[in-house]
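Okay, so here's the structure we're looking at.
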Amino acid sequence: MENLGRAYIVNEMFLSLQGEGFWTGTPMVFLRFSLCNLRCPFCDTDFKTGTPMTLEEIVNKVKELSKGCGRVCLTGGEPSLQTDSFLVEALHKEGFKLHMETNGTHPVPEGIDWVTLSPKTDWTPEAEVVLERCDELKLVYTGQDISRWEAFNADNFFLQPCSCSNTKETIEAVLSRPLWRLSLQTHKYLDIK
């Protein structure tokens, strides 16, 4: 493992179940990076604080936490600001499949196994999405017009209530537009991280 002397700023790392979208219920190690280029009003992550960690420290911590689960979710903050080819290669070398949840405003490094695009352009209009495809498109739904995303090159489309406060409205939107599936933040209902 090459040590570049570079520190990644990590908010937290933990083992849990994926609570949202396609992989709901799947054990994953969550590598939550600090730093974000957007300021969304509903964000539930303190991405301004973090701990500097080397590549080796991150890989060792992921291995320690994984308990045999083979998936790592790179999230944040905005993980595309810090994830690089060295991290991708090092985690792949250890046998992990990599998921990334991104706002799509920066390119995703090659080798990410599953990309969840969660665009925030409705709250930050200057946040232009640069990704051209994803495995999963997940919109935090607050009643906005979702039609512009229906032509996006994604394999799966999810609408998710904003902080569980508008679930009924989100269900009605899914029922009226069957391309979309409902995503709930099940980790909040289960009171797990």
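The values are calculated or read from the model by the stated rules, or taken from the named source; none is laboratory data. Given the structure is predicted, the values throughout are model-derived calculations rather than measurements. Counting neighbours? That spans all protein chains shown, and the Cβs are built from the backbone with ideal geometry, glycine included. Remember, those area values only see protein heavy atoms, side chains included, never the ligands or the DNA or RNA. Shrake-Rupley method; radii C 1.70, N 1.55, O 1.52, S 1.80 Å.
Test each condition in (1) within 27 Å of Ile9 (Cβ to Cβ); (2) open to solvent by 60 Å² or more (accessible area, probe 1.4 Å) for Lys120 and report the one that comes out false.
Single failed check for Lys120: (2).
Give me the residue from segment 140-190 that is closer than 19 Å to Cys73 by Cα, at pLDDT below 95 and not in a helix (DSSP H, G or I) and, out of that set, most open to solvent (accessible area, probe 1.4 Å).
That would be Leu184.
(1) closer than 17 Å to Thr54 by Cα; (2) surrounded by fewer than 23 Cβ atoms within 10 Å (Cβ to Cβ): which one isn't true of Val108, the others all being true?
The one condition Val108 does not meet is (1).
With the condition kept exactly as written, say whether any residue in segment 44-53 is at pLDDT 95 or above, open to solvent by 60 Å² or more (accessible area, probe 1.4 Å) and part of a helix (DSSP H, G or I).
The answer is no; no qualifying residue exists.
Modelled with pLDDT under 95, out of contact with any His (no Cβ under 6 Å at 6 or more places or on another chain) and open to solvent by 30 Å² or more (accessible area, probe 1.4 Å): is that true of Gly95 in this structure?
In short, no.
What is the number of the single condition among (1) buried (at least 16 other Cβ atoms within 10 Å of the Cβ); (2) closer than 24 Å to Arg133 by Cβ; (3) at pLDDT 95 or above that Gly77 does not meet?
(3)
How many residues does segment 17-36 hold that are under 17 Å from Ser66 (Cα atoms) and charged (D, E, K, R)?
Result for segment 17-36: 1.
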